[in-house]
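Structure below; questions to follow.
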Amino acid sequence: MKNMLKTPNPNNVFKIRNPRVLPPHYEYCDFEVIYNLESAIHDWIHDNLKGKFIVTKAMNTEQKSVMRVGFEDGKEMSYFMLACPLLRYK
């Protein structure tokens, strides 16, 4: 059950948490798209982290379609890589 008494995140209130384009200062990681996990990963990050992030599709250097997950704060990317249970099913 979600705790609805949390203090609101200012990035959510002003709708600036998810940019449309990956900014150059974001740290990102690429994942091979096996399942349709893009929306599930977006929801997990939205519920468990506080900073700005982006989940998008991109092309890597081998011209393969990948899911790119970027974070403004490198600490949040480390936490995402260690704690997200959706990454274990690749």
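The values are calculated or read from the model by the stated rules, or taken from the named source; none is laboratory data. As the structure is a computational prediction, the values presented were derived from the model and not from experiment. Counting neighbours? That spans all protein chains shown, and the Cβs are built from the backbone with ideal geometry, glycine included. Only protein heavy atoms, including side chains, enter the accessible area calculation; ligands, DNA and RNA are left aside. Shrake-Rupley method; radii C 1.70, N 1.55, O 1.52, S 1.80 Å.
Got a number for residues in segment 52-73 being modelled with pLDDT of 95 or more and over 20 Å from N36 (Cα atoms)?
Final tally of qualifying residues: 4.
Related question: Could you say which residue among M59, M67 is more than 12 Å from the chain's Cα centre (by Cα) and without any contact (Cβ under 8 Å) to a residue 60 or more places away in the chain?
M59
Another question, then. Can you name the residue in segment 76-90 that is open to solvent by 70 Å² or more (accessible area, probe 1.4 Å) and without any contact (Cβ under 8 Å) to a residue 12 or more places away in the chain and is also farthest from N9 (Cα to Cα) among such residues?
R88
Can you tell me how many residues within segment 47-75 are open to solvent by 30 Å² or more (accessible area, probe 1.4 Å) and either over 28 Å from V13 (Cα atoms) or of a type in the set (D, E) (or both)?
Of the residues in that region, 10 qualify.
Out of contact with any strand residue (DSSP E or B) (no Cβ under 6 Å at 6 or more places or on another chain), surrounded by fewer than 17 Cβ atoms within 10 Å (Cβ to Cβ), at pLDDT 95 or above and among the hydroxyl-bearing types (S, T, Y) - does that describe any residue in segment 34-41?
no
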